[in-house]
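Student: Take this structure, written in structure tokens, and hold onto it; I'll ask about it next.
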Amino acid sequence: MSPQPLPSLKGFAVTLRQIFRKPITQEYPEYKRPVYPRFRGRHRLNLHDNGLEKCVGCSLCAAACPADCIRVVPAENTPQNRVSPGERYARIYEINMSRCIFCGYCELACPFDAITLGNEYELSEYHRDDQIYTKEMLLAPPIKQVPVADRERYDTPEPVWKTES
Amino acid sequence: MPALHLAQDRYGWLPPEALREVAEALDLTPAYCYAVASFYDMYHLEPVGRYEIAVCTNVSCALAGAQDVLAAFERELGVQAGGTTEDGEFSLSSFECLGGCGWATVVAVNWRYREHVTAGDVPGIVAELRGGEGAGDDA
Amino acid sequence: MSAPAVELVTVNVDGREVQVPKGTGMIETALAAGVEIPVFCYEPRLGPPVGACRMCLCEVEGMPKLQAACTLTAQDGMELRSAQTSAKAAEGQNAVLEFILLNHPLDCPDCDKGGECPLQDLTFRWGPSNTRMHFPKRTFEKPIPISPTISLDRERCILCYRCTRFSEGVSEDLQLVAAHRGAQSIITTFEEEPYRAHFSGNVTELCPVGALLPSTYRFRARPWEIDNTPTVCGLCPVGCNTWATTREGKVQRILSRNHPEVDDGWLCDKGRFTFDHLRAEDRLREPLVRVRRRGFEAVGYDDAVREVARGLREAGGSVAIAFSGGETVEQASALARLVRQGLGGDAAILPDDLDPAVDAFRAPLSAIRDAEICLVLGDEPVMERAPIVDLWLRAARRAGAEVVTVGPAGSVSTPPGSAAATSAELAGGGGSDELRDAGRRLREASRVAIVWSGDDHDSGRRAATLAASLGLGDGSGLYVLPRSPNGRGVAQAWYEAGEGRGFDPSGEEELGALIVSGDEAAYDPRVAQLAERARFVFATSMFTGDHTLWAHVVAPGTSYLERDGTVVNLEGRAQRQRRVVDPPHLDELELLARVGTELGVPIAPWAAEATVDDHAELAPRAQLEAPPEFAPAASTNGAGPGLELVVYRPLFSGPGVERVESLAFQRPAPEIELAHADAQARGIATGDTVTVGLNGSGRALRAAVRRKLRPGVARIAAEHADGLGSHVEVTKA
């Protein structure tokens, strides 16, 4: 027994109380927590309705990026190879996800709403090189759907923004 | 500039070859001659018709109905201002002040002035020129 | 000559009193008072202000309307109120910017100027935040390539006329002009002809918007992604100061870095666009060693160093070296020590061998502009050898100086190759009436500039003698144009490495070993002949190709953008060349150090000798020990049948330029320049095809008739003169 029996007993009481509570542990891969709509996850490069890229490769996102994780190499559109509406397009567009801090400055800097931060947050890879997301990956629609659609399997309360509006 | 006028007299207008000749004669570049020629309306960088009709559309003449006169010419000749008729007879242009504000509207046919022109006079002028009379010689 | 007393006037700018010399421009006056007045079209280097952009509107006490400050000069008691204190001026300035932006497209994210654009900056600081313009903007076809190196976007043009003023008033090529008038004005060249001039690239730097941009930099980088390294151009003996822009370890563009004594902020197209040769496909990346009779094999550096050391050691002192003249002083010094101290050799082919006596008349290049009379001697066109010097001469002429050119195409016509004889006549007061007259005026003037542009034997000493006899004092300058960029530095390094002047290896006997340093030397036919006689040849070269077929070991060489070292320009100014990008192989100096270790010559460590200052200073004049004597002039080419051929080396030539596709249009056309009288006698006009040659065998070239050329003389660029003798007959084809 410890020299101070009373505080120790208080501590055990807390433990005892918790034992009979419902656990709040999330079984993560199976159960996915919904995110707020303005959650800043993986970037997406958007397209115009006619299929052309909105990005013109102006590098303003790279300038705004505090983590210096964006690399843009522009090139010129030709009549044979038209990628974006203007004169220039991004030939290479890479984001190093291991450096990105998801601050969303790139989204703010973009004059064409070409880059937006999506909701996807599952970005782990086995190799560091794979953390560099290329333009093709960023242009693609998200492969992993987050959050999951099955409402019944949520084990977390409804977010405030849903219940109170 | 007199050299450009000489060249224009010879060719009727100033084709690139003429500008090149002038440039060589004066030890200048063709680009410089082109810049000078394009500045002044009285040098022609495109072929013009036998009769050059210039309608003054500057303030005084505009107040006296120059736009109507111009429109009448356009109707009568079937060309827009700045164009030349298909038969190569007439070139029509709207001009800045011709210096005849007291006699507005002024119309210059081959730089010979006709004063107090109204839209009603236009068919007469065109018929007169078509008839081969009038100011055929260069002023 | 003492400077005239400067009258100071007091001007009030925004309530601040400032004293400036009378006649100072108001922009500078305001700056002196600590007030910035924004400008677009104002640029003092382009001549008198034009007040075209109206950006500098200011309120002046006593004048009813707003005034363009750039067109005003400081007068005593003037009260100027800029946009910072005057609401009226601020409103005017705001309106001007709104007006300028009316037809300016808002495609800054597309535009390469975005981020370093004066229009962007000034709009941000002084302009309106939105526009009342809701009509469609004016559009043009864009971009228009006005030359393979420059693209023009007329939508973005704000008609400040900086580019046309440069073309008309600085380079005087009159090719870029403003056509039409008023709202229809456009910047254009003639009939879609390319803007083909030695200094065309400068307009891209002058343009305050994104209208004129270098095509080679189109969509390459953004101002926040680049590094700018201050360096010195190594392509001609002027040594213009430059910024080299790199992105991700590659050179993207070269900009001028204003050194007011050397280049005044101008840079020729060779210096500006040749950087692309760094990425040439045929660049040598590894050392090659000859195997069997005809093949080369790539080897590692260890093997190459061993092979070179063996070859040089076996030569037993019979070693010669051929320099390119583009090496840094450090490189040349390493090579010279290797040959003179390590191997006991004493023979070198030096591209330039100027007598140190010229340093007694050393002066900055800017002294040419301030001269009263300029004398240009020699057969080589100054523009082709040291283009900036030509700009200085033009500036001198505009400032009212008399420019006397003596040569086959000069204002005083002399036969080709007679610069030495002419200089003796000038010094002695003899020669033709014209020459005597010129000599008298040269003696009378207090500020004289002499430019010597020729390959005459011993030109340095002759030039110094002439300068001494004309009594060149302070404020005057003598400029002997070397053939190669760092020819003076290389020669200096060679002489410092050993005793005596060495000898020219032009005998017939067999040579133990030959070191060929750099491509320029490798392309030299004299060197090729020498290589035939050598048992072992070690060459460094940037490029693979036939020009090093005779070598036994070829090591990859570096470009001036890949070296760190000192270069000495034609004035004798030591400047620092910095490494802008790493070479794709071992540095040449490193290789030499390893060879030196094998041969027992310590080369490493080395240090660049020149100061790291932004702008290198010119060393003071050397003392002239004794006035040099005139050596008898070498006899000029004797008379021959037909026309005497003057062959010059064009600026746009050499191994680097040849590998830059976008500069192909700048290279000399296959034409021969004929004098007016000769052309008339043969019935030839400019543009005709003529047959050039002797005894029926000839080649077809285009004729260009020049009024200034001396009768009996024809001029041709070196690359079209292959196989033509000193005299040719020209007939109409």
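The values are calculated or read from the model by the stated rules, or taken from the named source; none is laboratory data. Predicted, not measured: the structure shown is a model, and the values here were computed from it. Cβ atoms come from the backbone with ideal geometry, glycine included; neighbour counts cover every protein chain shown.
Student: So which residues in the stretch C:203-215 are outside any strand (DSSP E or B), crowded, with 23+ Cβ neighbours inside 10 Å and either within 14 Å of chain A (Cβ to nearest Cβ) or in contact with a strand residue (DSSP E or B) (Cβ under 7 Å, 6 or more places away or on another chain) (or both)?
Tutor: C:VAL203, C:THR204, C:GLY210, C:ALA211
Student: Mind listing just one residue for me: the one in the stretch C:466-475 that is out of contact with any helix residue (DSSP H, G or I) (no Cβ under 7 Å at 6 or more places or on another chain) and touching a residue at least 24 places away in the same chain (Cβ under 8 Å) and, of those, farthest from C:ALA449 (Cα to Cα)? Before the answer, list the steps.
Tutor: As a first pass, look at the stretch C:466-475 and keep what is out of contact with any helix residue (DSSP H, G or I) (no Cβ under 7 Å at 6 or more places or on another chain): C:468, C:473-474.
Remaining after also requiring touching a residue at least 24 places away in the same chain (Cβ under 8 Å): C:468, C:473.
Details: C:ALA468: 13, C:GLY473: 10 Å.
Applying the filter and picking the extreme gives C:ALA468.
Student: Yes or no: C:ARG196 within 34 Å of the chain's Cα centre (by Cα), buried (at least 23 other Cβ atoms within 10 Å of the Cβ) and either within 12 Å of another protein chain (Cβ to nearest Cβ) or in a helix (DSSP H, G or I) (or both)? Break it down stepwise before answering.
Tutor: On the way: within 34 Å of the chain's Cα centre (by Cα): yes; buried (at least 23 other Cβ atoms within 10 Å of the Cβ): no; either within 12 Å of another protein chain (Cβ to nearest Cβ) or in a helix (DSSP H, G or I) (or both): yes.
No: the conditions fail for C:ARG196.
Student: Exactly one of these conditions fails for C:CYS240: (1) away from chain B (no Cβ under 13 Å); (2) within 16 Å of the chain's Cα centre (by Cα); (3) under 26 Å from C:CYS111 (Cα atoms). Give me its number.
Tutor: Unmet condition: (3).
Student: A follow-up question, please. Got a sec? Which of C:GLY234, C:GLY265 is surrounded by 23 or more Cβ atoms within 10 Å (Cβ to Cβ) and either part of a loop (DSSP other than H, G, I, E, B) or within 14 Å of chain B (Cβ to nearest Cβ) (or both)?
Tutor: Working: C:GLY265 fails: surrounded by 23 or more Cβ atoms within 10 Å (Cβ to Cβ).
Only one candidate passes the filter, namely C:GLY234.
Student: Residue check, A:ALA62 against (1) at pLDDT 90 or above; (2) over 20 Å from the mean Cα position of the chain (by Cα), all met but one. Which one?
Tutor: Every listed condition holds for A:ALA62 apart from (2).
Student: Evaluate the stretch C:330-347: report whether one residue or more is part of a helix (DSSP H, G or I) and more than 29 Å from C:THR558 (Cβ to Cβ). Steps first, answer last, please.
Tutor: So in the stretch C:330-347, the residues part of a helix (DSSP H, G or I) come out as C:330-342.
Pick out the ones that are also more than 29 Å from C:THR558 (Cβ to Cβ) and you get none.
There is no residue in the stretch C:330-347 that is part of a helix (DSSP H, G or I) and more than 29 Å from C:THR558 (Cβ to Cβ).
Student: Output the number of residues of the stretch C:100-132 satisfying the condition of being of a type in the set (Phe, Trp, Tyr) and either touching a residue at least 24 places away in the same chain (Cβ under 8 Å) or not in a helix (DSSP H, G or I) (or both).
Tutor: Final tally of qualifying residues: 1.
Student: One residue is enough: does the stretch B:45-59 have a residue meeting the conditions within 11 Å of another protein chain (Cβ to nearest Cβ), surrounded by fewer than 18 Cβ atoms within 10 Å (Cβ to Cβ) and not β-branched (Val, Ile, Thr)?
Tutor: Here is the first cut: in the stretch B:45-59, the ones within 11 Å of another protein chain (Cβ to nearest Cβ) are B:45.
If we keep only those that are surrounded by fewer than 18 Cβ atoms within 10 Å (Cβ to Cβ) too, we end up with B:45.
Next cut, not β-branched (Val, Ile, Thr) only: B:45.
Checked against the condition, which is being within 11 Å of another protein chain (Cβ to nearest Cβ), surrounded by fewer than 18 Cβ atoms within 10 Å (Cβ to Cβ) and not β-branched (Val, Ile, Thr), the stretch B:45-59 yields at least one hit.
Student: Picking from C:GLU281, C:GLU297, C:GLU327, which residue would you name as being at negative phi, assigned to a loop (DSSP other than H, G, I, E, B), surrounded by fewer than 24 Cβ atoms within 10 Å (Cβ to Cβ) and of a type outside the set (Lys, Arg)? Explain how you work it out, then say what you get.
Tutor: Numbers: C:GLU297 fails: assigned to a loop (DSSP other than H, G, I, E, B); C:GLU327 fails: surrounded by fewer than 24 Cβ atoms within 10 Å (Cβ to Cβ).
None of the other options fit; the residue is C:GLU281.
Student: Then there is this: I need the full set of residues from the stretch A:74-120 which are more than 21 Å from the chain's Cα centre (by Cα), surrounded by 16 or more Cβ atoms within 10 Å (Cβ to Cβ) and away from chain C (no Cβ under 14 Å), in order please.
Tutor: Passing the criteria: none in range.
Student: Being of a type in the set (Lys, Arg), more than 19 Å from C:ALA421 (Cβ to Cβ) and surrounded by fewer than 20 Cβ atoms within 10 Å (Cβ to Cβ) is true for just one of C:ARG441, C:ARG447, C:ARG488, C:ARG436. Which residue is that? Spell out how you get there, then give the answer.
Tutor: Working: C:ARG447 fails: surrounded by fewer than 20 Cβ atoms within 10 Å (Cβ to Cβ); C:ARG488 fails: surrounded by fewer than 20 Cβ atoms within 10 Å (Cβ to Cβ); C:ARG436 fails: more than 19 Å from C:ALA421 (Cβ to Cβ).
Unique residue meeting the criteria: C:ARG441.
Student: Go through the stretch C:167-176 and report how many residues are within 11 Å of chain B (Cβ to nearest Cβ) and surrounded by fewer than 23 Cβ atoms within 10 Å (Cβ to Cβ). I'd like the intermediate steps shown before the answer.
Tutor: Initially, the stretch C:167-176 is screened for residues within 11 Å of chain B (Cβ to nearest Cβ), giving C:167-168, C:172-176.
Next cut, surrounded by fewer than 23 Cβ atoms within 10 Å (Cβ to Cβ) only: C:168, C:172-174.
Residues in the stretch C:167-176 being within 11 Å of chain B (Cβ to nearest Cβ) and surrounded by fewer than 23 Cβ atoms within 10 Å (Cβ to Cβ): 4 in total.
Student: Right, next: In the stretch C:423-459, which residues are at pLDDT below 85 and under 28 Å from the mean Cα position of the chain (by Cα)?
Tutor: C:GLY454, C:ASP455, C:ASP456, C:HIS457, C:ASP458, C:SER459
Student: Out of the residues in the stretch C:81-128 that are closer than 11 Å to C:LEU57 by Cα and more than 41 Å from the chain's Cα centre (by Cα), which is surrounded by the most Cβ atoms within 10 Å (Cβ to Cβ)?
Tutor: Only one residue tops the list, namely C:ALA89.
Student: Considering (1) more than 12 Å from chain C (Cβ to nearest Cβ); (2) touching a residue at least 40 places away in the same chain (Cβ under 8 Å), say which one B:ASP41 fails and leave the rest.
Tutor: For B:ASP41, the failing item is (1).
Student: If you scan the stretch C:13-47, which residues turn out to be among the small types (Gly, Ala, Ser), free of Cβ contacts under 8 Å to residues at least 60 places away in the same chain, in a loop (DSSP other than H, G, I, E, B) and within 22 Å of C:GLY265 (Cα to Cα)?
Tutor: Taking the stretch C:13-47 and keeping what is among the small types (Gly, Ala, Ser), we get C:15, C:23, C:25, C:30, C:32-34, C:47.
Next, from what is left, pick out any that are free of Cβ contacts under 8 Å to residues at least 60 places away in the same chain: C:23, C:25, C:30, C:32-34.
Filter once more, so that each one left must be in a loop (DSSP other than H, G, I, E, B): C:23, C:33-34.
Correct list: empty.
Student: Could you tell me whether the stretch C:177-184 includes any residue that is within 14 Å of chain B (Cβ to nearest Cβ) and assigned to a loop (DSSP other than H, G, I, E, B)? Walk me through it before giving the result.
Tutor: Going through the stretch C:177-184, the residues within 14 Å of chain B (Cβ to nearest Cβ) turn out to be C:177-184.
Filter again for assigned to a loop (DSSP other than H, G, I, E, B), leaving C:180-181.
Yes: the stretch C:177-184 contains one or more residues that are within 14 Å of chain B (Cβ to nearest Cβ) and assigned to a loop (DSSP other than H, G, I, E, B).
Student: Something else: Of all residues in the stretch C:61-83, how many are part of a strand (DSSP E or B) and among the polar types (S, T, N, Q)? Break it down stepwise before answering.
Tutor: Here is the first cut: in the stretch C:61-83, the ones part of a strand (DSSP E or B) are C:67-68, C:73, C:79-81.
From what's left, among the polar types (S, T, N, Q): C:67, C:73.
So the answer is 2.
Student: Do you know which residues across the stretch B:19-37 are at the interface with chain C (Cβ under 7 Å from one of its Cβ atoms) and touching a Phe, Trp or Tyr at 6+ places or on another chain (Cβ under 8 Å)? I'd like the intermediate steps shown before the answer.
Tutor: Here is the first cut: in the stretch B:19-37, the residues at the interface with chain C (Cβ under 7 Å from one of its Cβ atoms) are B:28-32, B:34-35.
B:THR29, B:PRO30, B:ALA31, B:TYR34, listed by residue number.
Student: Test each condition in (1) more than 30 Å from C:GLU7 (Cα to Cα); (2) more than 14 Å from chain A (Cβ to nearest Cβ); (3) in contact (Cβ under 8 Å) with a residue 12 or more places away in the chain for C:LEU152 and report the one that comes out false.
Tutor: Here C:LEU152 clears every test but (2).
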